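A short write-up of the structure that comes next.
The values are calculated or read from the model by the stated rules, or taken from the named source; none is laboratory data. Treat the numbers as computed from the prediction; the structure is a model and nothing was measured. Cβ sites come from the backbone with ideal geometry, for glycine too, and all protein chains shown count toward neighbours. These area figures cover heavy atoms from the full protein model, side chains too; ligands, DNA and RNA do not enter into them. Shrake-Rupley method; radii C 1.70, N 1.55, O 1.52, S 1.80 Å.
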Amino acid sequence: MTTRFEASLDFARGMDQHDHIHKLRNEFLIPAGETGELIYFCGNSLGLQPRKAREAIDQELRDWENLAIDGFVKAKNPWLNYQYQFCKPFSKIVGCQENEVTVMNTLTVNLHLMLLSFYQPAGQKYKILMESGAFPSDQYAVESQVRFYNFNPDDAIIEIGPREGEKILRNEDLISAIEENRNSLALVILGGINYYTGQILDMKNISETAKKADIAIGFDLAHAAGNILLNLHDWGADFAVWCSYKYLNGGPGSVGGVFIHEKHIKNLKVRRMGGWWGNDEKTRFEMKRGFIPKADASGWNISTAQVFNMAALKASLDIFERTSMPELRSKSIT
Ligand SMILES: Cc1ncc(COP(=O)(O)O)c(C=O)c1O
């Protein structure tokens, strides 16, 4: 049955009754404007505060107060394993296995770390393909990475833009650019949803094309995670990074999410930046040389879990656990 759209408050309220998830609106604190509660359209920039964020942070404050160092093992949510609480909810949000996802740092830092792992220029294959007008942080990251290997960004970065007179990218143009440049490309990095136009790229076909051409592929999902349906594992992308302060409501500067495909997580030949949090717990305190990464995406963790920062995100993901991405997406497009 199709519903005839009407631009009216009654229509919107009526539509809201068609599902159970409208109740989840009450789980968020909506700022009061001068004339009453604001109608908030900026979740694509900073999501609202989950009502339970304060309680979640308070819990960690109390455990710190009462347990101090013992909180790493005895806290209600032991800090030693804090990052693992995010694997299940994030695996559902980005469409992957729980061992393929982790939380650490912030988006641009994670993009750099993923480029250090997956951008492996060799011989003629040293170029990076990205969309023109990508988010500035991605442009700076890619530019500084190619300079790091002493390449000239004007030569080593291929940017693909919309056709003359058009405003959005054509997926077929991206696909043919990857195929045409297959002998010179080492990596493709794209925004899964363009931050400016809102365009959703055909991540499945683009990933498959890149993999067929033996080119590493990653996505910036800042505007996609928690917004649209994603299926990263099946699409075969090598990696993805996202922030969690937009649709995921983790609060300003909240911890970033990272997906690394199963095919890489146990491969010790994939180079990476080591740190104690990514080392196998069994050998972490042997105090000797020999970094042994954990055999899942958390093998890319470097530093201690950012507990206070992660607590607010946990409060938000608990709300996601009461619904599903298909339900949320279906509501957002009807
Ligand atoms: C598409 C996109 N990429 C990257 C970033 C930068 O994220 P961060 O400041 O967490 O590194 C943003 C931030 O808004 C973004 O929208």
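The residues of region 1-41 that are part of a strand (DSSP E or B) and either surrounded by 10 or more Cβ atoms within 10 Å (Cβ to Cβ) or among the hydroxyl-bearing types (Ser, Thr, Tyr) (or both), listed by number, are Phe28, Leu29, Gly33.
Conditions tested, residue by residue: (1) open to solvent by less than 40 Å² (accessible area, probe 1.4 Å); (2) in the same structural domain as Asp234 (by TED's automatic domain parsing); (3) not in a helix (DSSP H, G or I).
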site	(1), (2), (3)
Gly43	yes, no, yes
Gly71	yes, no, no
Lys92	no, yes, no
Thr102	yes, yes, yes
Thr108	no, yes, no
Leu113	yes, yes, no
Ser117	yes, yes, no
Gln139	no, yes, no
Ser144	no, yes, no
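When each of Ala237, Ala210, Ala186 is tested for being out of contact with any Asp or Glu (no Cβ under 8 Å at 6 or more places or on another chain) and closer than 27 Å to Gly47 by Cβ, the lone residue that passes is Ala237. Report, by residue number, each residue of region 33-64 that is of a type outside the set (Phe, Trp, Tyr), over 12 Å from Ala315 (Cβ atoms) and in contact with a helix residue (DSSP H, G or I) (Cβ under 9 Å, 6 or more places away or on another chain). Correct list: Leu61, Asp63. Reported count of residues in region 273-306, each being open to solvent by 30 Å² or more (accessible area, probe 1.4 Å) and assigned to a loop (DSSP other than H, G, I, E, B), is 18. Residues in region 158-177: is at least one within 30 Å of Gly299 (Cα to Cα) and among the aliphatic types (A, V, I, L, M)? No; the residues of region 158-177 include none that is within 30 Å of Gly299 (Cα to Cα) and among the aliphatic types (A, V, I, L, M). Take the conditions assigned to a helix (DSSP H, G or I) and in contact (Cβ under 8 Å) with a residue 60 or more places away in the chain and apply them to Leu67. Does it pass? In short, no. Pull out all pairs, ordered by first then second residue, where Cβ-Cβ is under 8 Å, the residues are six or more apart or on different chains, the first lies in region 8-22 and is among the aromatic types (Phe, Trp, Tyr), and the second is part of a loop (DSSP other than H, G, I, E, B) and loosely packed, with under 12 Cβ neighbours inside 10 Å. Final answer for the pair search is Phe11/Phe5. Whenever a residue of region 151-175 is under 17 Å from Leu185 (Cα atoms), its partners that are part of a loop (DSSP other than H, G, I, E, B) and of a type in the set (D, E, K, R), lying with C-beta atoms within less than 9 angstrom and at least six residues away or across chains, give the pairs Asp173/Arg163; Leu174/Asp202; Ile175/Asp202. Of the residues making up region 119-137, those that are within 12 Å of the ligand (Cβ to nearest atom) and either of a type outside the set (Gly, Ala, Ser) or open to solvent by 10 Å² or more (accessible area, probe 1.4 Å) (or both) are Met130, Glu131, Gly133, Phe135, Pro136, Ser137. Looking only at region 252-272, which residues are more than 16 Å from the ligand (Cβ to nearest atom) and either in a loop (DSSP other than H, G, I, E, B) or basic (Lys, Arg) (or both)? The answer is His261, Lys263, Lys266, Asn267, Leu268, Lys269, Val270, Arg271, Arg272.
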